[in-house]
1. Within the bounds of segment B:259-271, is there any residue that is closer than 18 Å to residue B:86 by Cα, in contact with a strand residue (DSSP E or B) (Cβ under 7 Å, 6 or more places away or on another chain) and modelled with pLDDT under 90?
2. Do we find that residue B:16 is exposed (fewer than 10 other Cβ atoms within 10 Å of the Cβ) and more than 26 Å from the chain's Cα centre (by Cα) in this structure?
3. Specify which of the listed residues (B:313, B:306, B:292) is surrounded by 18 or more Cβ atoms within 10 Å (Cβ to Cβ), at pLDDT below 90 and on the phi < 0 side of the Ramachandran plot.
4. Any idea how many residues of segment B:100-151 are assigned to a helix (DSSP H, G or I) and within 25 Å of residue B:229 (Cα to Cα)?
5. May I ask you to list the residues in segment B:247-273 that are in a helix (DSSP H, G or I) and surrounded by fewer than 21 Cβ atoms within 10 Å (Cβ to Cβ)?
6. Taking the conditions exactly as written (surrounded by fewer than 21 Cβ atoms within 10 Å (Cβ to Cβ), more than 9 Å from chain B (Cβ to nearest Cβ), in a loop (DSSP other than H, G, I, E, B) and touching a strand residue (DSSP E or B) at 6+ places or on another chain (Cβ under 7 Å)), does residue A:110 satisfy them or not?
7. Could you grab me the full set of residues in segment A:127-156 that are touching a residue at least 40 places away in the same chain (Cβ under 8 Å) and surrounded by 21 or more Cβ atoms within 10 Å (Cβ to Cβ)?
8. Checking the conditions here, which among B:234, B:268 is under 23 Å from residue A:95 (Cβ atoms) and more than 19 Å from the chain's Cα centre (by Cα)?
């Protein structure tokens, strides 16, 4: 099957001379048709640069970019069958909402009646019926986001690129939009490339995730694979909370040279099944759970405990337990 | 473990300045009033006052024998404006102002676009200096310098001759209406000098308008299939339009009111500014000068109404 988008050894550099920065470093990546793929990474990791190279706004220094099997490495944005939802939405302030949505059709020379009919249909789809006459400035952030989405979808692109589209929305609205985006992607069946630094967003929405750091892809896999079996320390630390054990404590507690132990997989032992004992140094309240930090012979281990019943106080001696399967070994010399 | 933090005690004695600050902080309207009264007084008394005096004078007339202003309301001055000779002056000036404005947009837009989108840091500062450098020297010096440049034996005709383009210059000067004896004695020369003088006033507002367009809008336009020329027409131009309007109001009204340039460079035909200057200075006919100077005000007012109707201020 032809990949919807394929990056082959793609690199990108900014600046010149001593200030030169390699934003993307020889990345290989293939997006399958119809999948919801998320590039997850911290700010400055190169995830937005990847999206911009696929959109055609930034040209790579090396490598090839194929869209639907066609080499588009050096094509300008207007020649590529992909559309983008920008982080700041980039709605045209001098046009009405309907004109914004119909922009791609106007550029292609579609007749006015047809343009308006299709723009209104898309506005219905993103649940903004009847707002076509408004200006972007008269809309709320969430509404603008939907307009940007409708505008990017009107050309029926093979691939939709979304650059942290939910970043500016408040938490409740963001969660609602996450669900809607996912449902929309399923019903349209087009490939979504979603950029975010929010691990929760990535885990809950994606078919597959690519974790990127310092211009390199650290791991590509399903959300479950990324979370349960991270390939590197960076992935283990960046996605979810993590106890990273090294050296002597790692060998003593897990039998591996280095290992990952998720806090929610650790519980309080009741006598016979204790794997470690130590002193509580800190207790943080999160509502649904408590994060208890325990000093186990020099290693600090966090455990997420259900916030019910008798709970340990700082200074208390506790015994911890976990299943053997909760331990994920890591390479000792991994980054 | 508790860390002992100590704060210095709050100051107890306040000076007069501090009390004034506190008072103004609590009553922001008072502060606003204090800040606005001086400019409003200035604007009201000197600007609006003189404008109304001008307007009133336009309805008076001059006693033809004594040369004194007769303070009786009359429309005689406005009837005189409609005489062919005066209409001719008004029409010539407005045409010149319109052409100078068009040429300034044509020359200024690419410069403004380059400055706004393709320069940063030191290059941008250099561009600002280059655009504004002419404004650092006296206007009169520059106008007389142009007279020398454009003279029959001047640098421009010398350069044309060196480039074997003397025939082109002669052909331009042989044109009816705009041509003349030499560039410095032709409406063509007047036009060139006007464009030179007012170009910075066109470049800067356009540059500011283009700079305010987020680059993501241009990327979005390209992303949606628009080639660069379509992005220019559908996004850059409409959003730069307020800058073009602001710049054109400057170049248009500056040309309408100028009386030095056509006097130094050009054939001896008159422009509005010259007539106003002659009428109130040489002829002492202040009422007629006042009536004539209302022409640019009315024309600029009409022009503002026109650009507003074109939607120039919608994007503000």
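1. Within segment B:259-271, not a single residue is closer than 18 Å to residue B:86 by Cα, in contact with a strand residue (DSSP E or B) (Cβ under 7 Å, 6 or more places away or on another chain) and modelled with pLDDT under 90.
2. Yes.
3. Being surrounded by 18 or more Cβ atoms within 10 Å (Cβ to Cβ), at pLDDT below 90 and on the phi < 0 side of the Ramachandran plot holds for just one of B:313, B:306, B:292, which is B:292.
4. 20
5. Passing the criteria: B:249, B:250, B:253, B:254, B:257, B:263, B:264.
6. Judged against the criteria, residue A:110 is not a match.
7. A:144, A:145, A:147, A:148, A:149, A:150, A:151, A:152, A:154
8. Of B:234, B:268, the one residue that is under 23 Å from residue A:95 (Cβ atoms) and more than 19 Å from the chain's Cα centre (by Cα) is B:234.
The values are calculated or read from the model by the stated rules, or taken from the named source; none is laboratory data. What you see is a predicted model, and the numbers here were worked out from it, not measured in a lab. Every residue, glycine as well, gets a Cβ built from its backbone with ideal geometry; the counts of neighbours run over all protein chains shown.
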